[in-house]
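Asker: Starting off with a structure, shown below.
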Amino acid sequence: MQMSEGVEWALHSCLNLAWAEQQAVPARKLAAFYDLPPAYLNRQLQALARAGIVTSTSGPRGGFRLARSPEQITLLDVVVAIEGEQDAFRCQQIMRDGPGGRSDVDYRKHCLVSQAMRRAELAWRRELAAQTLADIKDSVESRHPDAPRVARNQLDAPAR
């Protein structure tokens, strides 16, 4: 399974927004922080807005803010906002066409491969749901105490 780069960009942007302390940050400033393409990052931010993770304000003082506290935003929330809700593994029930296959059986429930993949998917989702943006923020701050100040200074700097 491979997630798009948009997940990484969205997570880092949310972390920077947490340090911006409810100041609206334009997409171009968030993009400049990591030298990302502004238009593509803006699409990721719009997906986060549709999911209720960030809010968007237009105008000269507009930009993006976290819509909820970092404690209320899980890593799974961000992944689902960017990647969608579909499972990584989707059983196509190919056993129906194999030896002894039957059209009246739901192989998503009876196939051992499908069951194993479903368990793995649920474990992955549980792990992402158990970690919040606040957890990541706290870990970064304990290892790099100056990270919030650096982020605020960069985001407050005049646009290039």
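The values are calculated or read from the model by the stated rules, or taken from the named source; none is laboratory data. Keep in mind it's a predicted model, so treat the numbers as computed, not measured. Every residue, glycine among them, receives a Cβ derived from its backbone with ideal geometry; neighbour counts consider all protein chains shown. The area values use the complete protein model at the heavy-atom level, side chains included, leaving out ligands, DNA and RNA. Shrake-Rupley method; radii C 1.70, N 1.55, O 1.52, S 1.80 Å.
Asker: From the list Ala18, Ala49, Ala32, pick out the single residue that is open to solvent by 10 Å² or more (accessible area, probe 1.4 Å), assigned to a helix (DSSP H, G or I) and over 24 Å from Gly84 (Cα atoms).
Answerer: After ruling out the rest, the residue left standing is Ala32.
Asker: Still on this model: Scan the range 134-160 for residues that are exposed (fewer than 10 other Cβ atoms within 10 Å of the Cβ) and in contact (Cβ under 8 Å) with a residue 24 or more places away in the chain and jot them down.
Answerer: Matches in the range 134-160: Ala159, Arg160.
Asker: Output the residues belonging to the range 65-108 that are out of contact with any Cys (no Cβ under 7 Å at 6 or more places or on another chain), over 27 Å from Ser4 (Cα atoms) and part of a helix (DSSP H, G or I).
Answerer: Ile94, Arg96, Asp97
Asker: Right, something else. Output the residues belonging to the range 98-133 that are of a type in the set (D, E, K, R), open to solvent by less than 70 Å² (accessible area, probe 1.4 Å) and within 18 Å of Val78 (Cβ to Cβ).
Answerer: Glu121, Arg125
Asker: Related question: Report yes if Met3 is part of a loop (DSSP other than H, G, I, E, B) and either open to solvent by 60 Å² or more (accessible area, probe 1.4 Å) or at pLDDT 95 or above (or both), otherwise no.
Answerer: When the stated conditions are applied, Met3 passes them.
Asker: Follow-up question, since we're still on this one. Hey, does the range 77-87 have a residue that's touching a residue at least 60 places away in the same chain (Cβ under 8 Å) and not β-branched (Val, Ile, Thr)?
Answerer: Among the residues of the range 77-87, at least one is touching a residue at least 60 places away in the same chain (Cβ under 8 Å) and not β-branched (Val, Ile, Thr), which makes the answer yes.
Asker: Now, a different point. Considering each residue of the range 109-160, count those that are part of a loop (DSSP other than H, G, I, E, B) and within 30 Å of Ala24 (Cα to Cα), and give that number.
Answerer: Looking only at the range 109-160, we keep the residues that are part of a loop (DSSP other than H, G, I, E, B), and these are 111, 131, 144-146, 157-160.
Keeping just the survivors that are within 30 Å of Ala24 (Cα to Cα) gives 131, 144-146, 157-160.
Residues meeting the conditions: 8.
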